[in-house]
Each structure stands twice: as structure tokens, then as C-alpha cells.
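The values are calculated or read from the model by the stated rules, or taken from the named source; none is laboratory data. Keep in mind that this is a model prediction, so the values were computed, not measured. Every residue, glycine among them, receives a Cβ derived from its backbone with ideal geometry; neighbour counts consider all protein chains shown. Ligands, DNA and RNA are stripped out before the accessible areas are found, and what is left, the full protein with its side chains, is counted by its heavy atoms. Shrake-Rupley method; radii C 1.70, N 1.55, O 1.52, S 1.80 Å.
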Amino acid sequence: MKNRFLWLAAVIMFSASMGQANDLESLFKGYLKKKIAPPPQEQPVASVPEPTNASAEKPADLLMKALLGSKVSEAEEVRIGQQIAGNLLGAAPLVRDDGLQRYVNRVGRWVALQTERPDLQWYFGVIESDDLNAFAAPGGYIFLTKGLYKRLNSEAELAGVLGHEIGHVLRKHHLKLLQKSQGIAALGGLLGKQLKNENEVLQNFIGNGAEVIARGLDKDAEYEADRIGVVLSARAGYDAYALPAVLAEIGHVAKDDQHVSLLFKTHPHPEDRLNHLSEAVADKLDSLPEGQSGVGRFYRLR
């Protein structure tokens, strides 16, 4: 297996010089004790519930005080993610292929079951865009573009990509970004004012979902999500080297290609991501049983 990583490294010619992940071994802890089984056969199509008004939710002031503080409950996290996901889907709707959406949900939820948040109501979907990208919002809302999906060659590669985005949710990367955004201090002035409903408060806080996502995370967050993606796909019984294979494939795309402009703007270049993964993983995967590729089960877009 080590040779496969060396091959991937040679494909895009990066040199190993980055720091090693401190949490990789802890993420792998207990992996060999897990029972590996195929993902469930059927899952419902991804859907994002319509935002509800203040009458069924916590008052706006309480929600905003939670956001301005350090503690956000799971219900509040889901509410924020629901708003962002709704805005994103307003700009780029789901691909009209129920078979595809059921399949992506089945794989995504199987990978999510390997995490410390298996009971979260995860939503997965493929959106109408030829760009190569994937997005995560707080509370378990995860989407990848049709352009990226068409670049994938196996179920294991899909699992790796979804595992990366799941990692963002697990570590609450986007939620922390929202809490740190410069607009929060100004937004504090909205507390106690008469607004139409709580959704108006959230929209003032979040803005357009795609715009928030487009801000991007810091490099360390992306490197951490890559490590988590490798671990989760391995725990789920897939080939742990599938995510690096996707990064190598994307690394071949010209930097001036418009389909990767947003991805390269909001993420470290795939060369850097593979560099960090190579340093972090080293020979830690060599003792694991070889994972499945799931090529035969992979849903091909018509």
C-alpha cells in the first residue's frame, strides 16, 4: 500500500515537507474492532426542511446570544445549517435524479455512522453545477457538484469526498468561521430590536449561504478534514487511498480552468493536500485490511 501513496505523489510531483497530524492515530483507534458491513440498501432522497418561524423555535434573542457566545446547541447548529443549505439550493438546485440522490445519501449516511455523531440527521445531495467542488454546512448538510461527481470513478472515492465534508461538520469548522466573522459584533446590535421573525435575524447573520461557503476555511481545517476523510472511509470498509486518488485527479486540472476556480480559491492546492496527507499517514495504513473500491456499485450518471 505504501507504494500506492508514492505513486500518487509521483503523479503530481510534490515533495514531502509538511507537519504530521497529531490526531491521526486517535482517529484510527478502535478501527480494527469495528464490524465492517456494506451500507444499507435504501435511503430517502436528500431534502432540506423549510425554515420555520419563531413560533416553533427558540426566540431570536436566545439564538443570537448562543451564536455570539461559545456554546451552540445541536438544535441551533442544525437551524443555522438548514438556513445555509436552503440558500445554497436556491442558487444551485439538486440534480433531478432520484436514484442518484438516494445513492449518495446511502453512502454518505453509512460513512457518517462511523463518526461520533451517528445520530445527527445527515443530508447529502448532488447539486446542478459543472464546477468541481463540495460543500458542508453546520448540522450535517453536505453537497457535491455534478461536475465533481462525474470525475469520481468508484464508491470509495465518493465515500472519501463525503468523509472530508463530514469532517468539517464534526469539527464545526464553518460554525466557528461564522462565530469569528467580523459582522458578529455589529450584529449584536440587532438583539432586542423588533424584527419580522427569527429567520430575518438568521439571514442577517448568515447572509447568502453560497457566499459564506465561498469565504473558505483556513488551510489547517482543510488538512484536518482530509485526514478525517481518509479515516472515515477506511472505517466504513472502503479503500483508504481513494480520497488521495481524487486529489491527484483534481491536481491534473489546469489552474486557469473555470471549473476549479472556486475550489482552488477556497482550498489549498491538491498538491499541498496530498503532501500533508502523505506526511500524516506515512505507514499507518499498512496494517489495515485492504478496503473495497465499490466500483460495481457506483452509480453512473446518465
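Based on the mean of other beta carbon atoms within 10 Å per residue, what is the order of 270-281, 228-239, 88-99, most packed first?
Order by mean packing, descending: 228-239, 270-281, 88-99.
What residues from the range 130-160 fall in the zone where the backbone N is under 15 Å from a label point 7 Å along the Cα-to-C-beta line of Leu288?
156-160
Between Val253 and Lys71, what is 0.36 nm times their sequence separation minus the Cα-Cα distance? Round to one decimal in nm.
My answer for the length gained is 61.5 nm.
Say each of Phe298 and Ala91 gets a label point 7 Å from the Cα, pointing the same way as Cα to Cβ; how far apart are those two points in nm?
2.9 nm
With every protein chain left in place, what is the accessible area per residue of the range 94-174 in square angstrom, probe 1.4 Å?
Result: 28 Å² of accessible area for each residue.
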